[in-house]
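This report refers to the structure that appears directly beneath it.
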Amino acid sequence: MINLFIRKYFIQGIVQGVGFRPFIYHLAIENNLNGWVLNNTEGVTLEIEGTKKDLDQFAKSIISEKPELAVIENINLMGESKSKGKYIQFNIIESKETNIKDALISPDTNVCNNCLNELFDQNNRRYKYPFINCTNCGPRYSIILDLPYDRPNTTMSKFPMCSQCNLEYKDVENRRFHAQPISCWSCGPKILLYDNKGVYVDTDDPIKEVIKQLKDGFIVAVKGIGGYHLMVDPTNSEAVTQLRSRKKRKEKPFALLSESIEQVKTYASLSSEEERLLCSIARPIVIVQKKHNTFSANVATNNCTFGVMLAYTPIQYLLLHGNFTALICTSANISDDAIIYTNDEATKKLTKIADYILIHNRVIQTRLDDSIVKIMDSDKKKPVTFRRARGYIPFPHKFEHPLPSGLALGSELKNTICLNKNNNYFISQHIGDLKNLSIYASFCEIVSSFQKLLAIEPQFIACDLHPNFFNTKFAYQQTKLPVFPIQHHHAHMASCMLENSLKNPVIGVIFDGVGYGTDKSLWGGEFLVGDYLQCERKAHFKQFKLLGGDKAVKEPYRIAFELLYSIYGDKTLDLPLDFIIQYREQLVVLQKMSNKNINSPVTSSVGRIFDGVAAILGLRSVVEYEGQAAIQLEQIATDNFDPLTYVLNNNNDVLEIDFLSAIKELAEYKLKNVSNSKLSMSFHLMLANIVRDVCNEIRSKTFIREVVLSGGVFQNELLLKTCNKVLAENNFKVYSHSTIPPNDGGISAGQAVIAAHQFVYKFGINN
Ligand code: ZN
Ligand code: ZN
Ligand code: FE
């Protein structure tokens with residue numbers, strides 16, 4: 001007689017909507033096992049019966065052979081018992097709903113190769129079908145309304161399957177078995193074309209029509225996975241200019257979309273790592289080096305990089321098949337508003353920008369921008385996420401032990417929110433600048449929908465220390481929960497610690513735009529020492545005035561003037577620097593502002609020092625978007641030169657980094673016609689020296705040798721690379737960002753993990 005055993009497993013992770021049950025089914029059959037598997041709101045449960053040998057082999061293969069999109073976090077063996085043959089076959093049984101909703105939702109993915117082959121196969125019944133997908137690919141997070149991930153809980157619920165699709169859906173041998181968004185020409189969503197007057201364009205083949213319009217230089221809005229894009233032929237400079245003027249976007253680079261990596265290689269140089277990232281199923285926009293200008297120069301002006309992504313929806317493939325090396329593919333929004341994702345808004349608002357609109361009737365439940373990633377660091381191997389959205393959300397980050405659940409509302413710019421539960425930290429998609437009303441509305445909506453979808457009931461709220469942020473005010477309106485205001489740069493530091501699973505106190509080098517400090521001034525060039533609970537400011541850049549407050553962000557010449565004015569006084573106006581000649585009249589006004597301290601908050605922001613330096617060098621006096629001047633400054637630094645000098649002052653054990661001597665040297669070199677390339681390098685090298693020296697000072701007192709680099713300024717590859725190098729040479733252990741953005745997109749995660757620790761400290765773990 002054969003000895004049979006029954007084992008029961010409970011598996012957690014991304015195991016729903018990714019072909020996990022059919023995988024288990026086939027694996028069980030292969031190993032001669034009987035029993036069942038089912039989805040519930042917490043994960044996948046299965047019971048299998050067979051010999052010990054077969055059961056062991058099965059357990060091994062779950063991990064080694066799992067489906068591509070599946071992410072297994074835990075396999076729990078719930079029990080094992082002897083049996084006498086309880087089952088006679090293996091079955092997939094109906095989903096079960098429990099009160100606990102812990103199953104992870106899969107992010108949206110690109111259309112897979114099997115589906116692509118069918119898409120372009122004339123004999124396939126889904127030939128050129130714009131919504132082709134399967135168990136291994138397609139929309140997920142963007143169409144889910146609730147858990148478990150089943151068709152009735154997605155925006156596909158209103159498309160009843162035809163008999164053929166239904167057969168495929170139910171056939172465990174079919175690669176569309178339980179593919180929730182399954183559909184075909186006869187039962188699925190439809191694409192429709194409209195012109196900019198809202199008139200339906202009557203055509204049998206909208207795709208062919210759009211290809212022709214793009215070739216003719218028209219701007220076409222196309223519905224994607226997380227929202228609408230605006231598409232234009234990048235070789236047509238008139239069309240690109242038209243798009244810029246209608247979108248009121250003068251210089252900010254447009255992203256490019258191509259069908260294949262070979263096409264991308266014709267206009268950009270790619271490292272193997274960049275190639276891998278471009279081809280990854282998340283399909284982010286990857287920032288890569290321009291090769292030569294195949295395209296109109298105004299696709300990305302004053303910038304030696306392109307933002308590129310590979311096609312990820314069937315519609316994109318069909319359009320690019322119309323013989324385009326690339327198409328401009330930029331988020332469809334009105335100036336700085338949220339990306340448009342409903343058909344209603346698209347047909348109302350996008351008509352001002354697009355000549356035609358290609359809509360479809362599969363509803364986007366959750367709006368998502370494209371993610372942006374750059375490969376950085378000395379070995380050009382580390383992906384650094386600048387914007388985390390489609391393809392990555394809602395995959396969580398892990399903390400080493402569970403903490404009470406909370407809701408963190410993030411920063412006001414580049415806003416994201418974060419919810420934590422057990423040891424998972426779920427950062428939301430990029431939401432945007434909350435000062436914009438439409439984005440604030442979207443923030444409010446995401447706060448409630450994200451909580452509902454993840455089934456998290458927060459016990460506390462975390463927000464920024466800045467009392468006037470919209471989200472801070474929102475936090476204090478939620479009167480039922482305790483609010484934990486978190487200092488901005490402490491949050492940056494903790495986000496980097498969380499991402500790198502650090503446990504002990506660290507030195508946090510936070511170079512940033514501006515953030516509200518505990519002394520109520522604007523910080524942004526900080527050396528902190530601390531952990532997840534608290535931190536102390538050990539050093540900072542010498543503060544300077546932001547003449548005109550927020551205006552100085554858009555007009556860096558204001559910063560350049562203030563820095564020089566504090567060195568040269570009234571003689572500043574006689575310096576023959578470009579910006580001084582150009583803005584003389586305004587500078588006279590600024591001079592008074594500075595003298596009388598009118599609307600001139602002080603800051604220690606390194607981001608703003610970058611802006612000021614760019615203006616002194618004559619690179620840029622005004623900017624269209626934050627960071628633009630700094631990007632240009634970084635890109636020209638190619639020649640080596642001696643670092644600029646600075647002074648460290650000790651004020652009651654807090655070090656002050658006085659960089660005005662560097663500004664003076666910079667102006668003098670510039671007047672002697674030393675090249676910008678050298679001067680930019682000397683500025684970057686000085687910053688790395690400051691990081692080295694200050695960290696050494698701090699280590700001599702605290703014995704801490706773990707350093708985290710965070711804040712928006714660390715999107716600068718040259719700076720990150722040089723800081724990493726000098727710190728490593730000085731025996732520090734250095735950590736920086738990869739999957740959590742170094743910019744304010746990471747703030748919510750930092751706030752969540754700090755507030756959870758403060759909550760426990762204040763109320764105890766069992767509250
Ligand atoms: Zn597929
Ligand atoms: Zn069908
Ligand atoms: Fe910040």
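Among the residues of the range 119-142, at least one is over 26 Å from Gly227 (Cβ atoms) and charged (D, E, K, R).
Is it the case that the range 671-684 has a residue that's within 20 Å of Ala539 (Cβ to Cβ) and at pLDDT 95 or above?
Of all residues in the range 671-684, those within 20 Å of Ala539 (Cβ to Cβ) come to 683-684.
Remaining after also requiring at pLDDT 95 or above: 683-684.
Yes.
I'd like the residue in the range 95-127 that is open to solvent by 40 Å² or more (accessible area, probe 1.4 Å) and under 30 Å from Ser428 (Cα atoms) and, out of all such residues, is modelled with the highest pLDDT. So, considering only residues that are open to solvent by 40 Å² or more (accessible area, probe 1.4 Å) and under 30 Å from Ser428 (Cα atoms), the one modelled with the highest pLDDT is Asn113.
Only one residue in Leu718, Leu727 is open to solvent by less than 10 Å² (accessible area, probe 1.4 Å), assigned to a helix (DSSP H, G or I) and in contact with a helix residue (DSSP H, G or I) (Cβ under 8 Å, 6 or more places away or on another chain). Which one? Step through it out loud before you land on a result.
Values: Leu718 fails: open to solvent by less than 10 Å² (accessible area, probe 1.4 Å).
Being open to solvent by less than 10 Å² (accessible area, probe 1.4 Å), assigned to a helix (DSSP H, G or I) and in contact with a helix residue (DSSP H, G or I) (Cβ under 8 Å, 6 or more places away or on another chain) holds for just one of Leu718, Leu727, which is Leu727.
Using the structure shown, decide if Phe177 is open to solvent by 40 Å² or more (accessible area, probe 1.4 Å) and within 34 Å of the chain's Cα centre (by Cα). Judged against the criteria, Phe177 is not a match. Listed by position, the helices (runs of 4 or more DSSP H) enclosed by the range 542-598 that each have at least 1 residues that are in contact with a Ser or Thr (Cβ under 9 Å, 6 or more places away or on another chain) and over 21 Å from Phe659 (Cα atoms) are 578-582, 584-596. Among the residues making up the range 598-625, those that are among the charged types (D, E, K, R) and either over 26 Å from the mean Cα position of the chain (by Cα) or under 10 Å from Pro556 (Cα atoms) (or both) are Arg608, Asp611, Arg620.
Residues in the range 661-676 that are farther than 15 Å from Pro576 by Cβ, open to solvent by less than 30 Å² (accessible area, probe 1.4 Å) and in contact with a Ser or Thr (Cβ under 8 Å, 6 or more places away or on another chain): Ala662 only.
For the range 62-83, name all the residues that are out of contact with any strand residue (DSSP E or B) (no Cβ under 7 Å at 6 or more places or on another chain) and either at pLDDT 95 or above or open to solvent by 50 Å² or more (accessible area, probe 1.4 Å) (or both). Correct list: Ser64, Glu65, Glu68. Among residues belonging to the range 385-403 that are touching a helix residue (DSSP H, G or I) at 6+ places or on another chain (Cβ under 7 Å) and open to solvent by less than 10 Å² (accessible area, probe 1.4 Å), point out the one that is nearest to Ile281 (Cα to Cα). Here the residue is Ile393.
For residues in the range 395-443 being over 29 Å from Ala70 (Cβ atoms) and of a type in the set (Lys, Arg), which is nearest to the chain's Cα centre (by Cα)? Filtering first and then ranking leaves Lys414.
Selection over the range 223-250 of residues that are within 26 Å of the chain's Cα centre (by Cα) and open to solvent by 70 Å² or more (accessible area, probe 1.4 Å) gives a count of 2. Can you spot a residue in the range 134-149 that is open to solvent by 40 Å² or more (accessible area, probe 1.4 Å), within 24 Å of Glu68 (Cβ to Cβ) and either within 16 Å of ligand 3 (Cβ to nearest atom) or basic (Lys, Arg) (or both)? The answer is no, given that none of the residues of the range 134-149 is open to solvent by 40 Å² or more (accessible area, probe 1.4 Å), within 24 Å of Glu68 (Cβ to Cβ) and either within 16 Å of ligand 3 (Cβ to nearest atom) or basic (Lys, Arg) (or both). Candidates Ala311, Ala300: the one that is aliphatic (A, V, I, L, M), touching a residue at least 24 places away in the same chain (Cβ under 8 Å) and out of contact with any helix residue (DSSP H, G or I) (no Cβ under 8 Å at 6 or more places or on another chain) is Ala300.
The values are calculated or read from the model by the stated rules, or taken from the named source; none is laboratory data. This one's a predicted model, so the numbers in the text were calculated from it and none came from an experiment. Positions of Cβ are backbone-derived with ideal geometry, glycine not excepted, and every protein chain shown enters the neighbour counts. We work out accessible area using only protein heavy atoms, side chains counted, and drop any ligands, DNA or RNA first. Shrake-Rupley method; radii C 1.70, N 1.55, O 1.52, S 1.80 Å.
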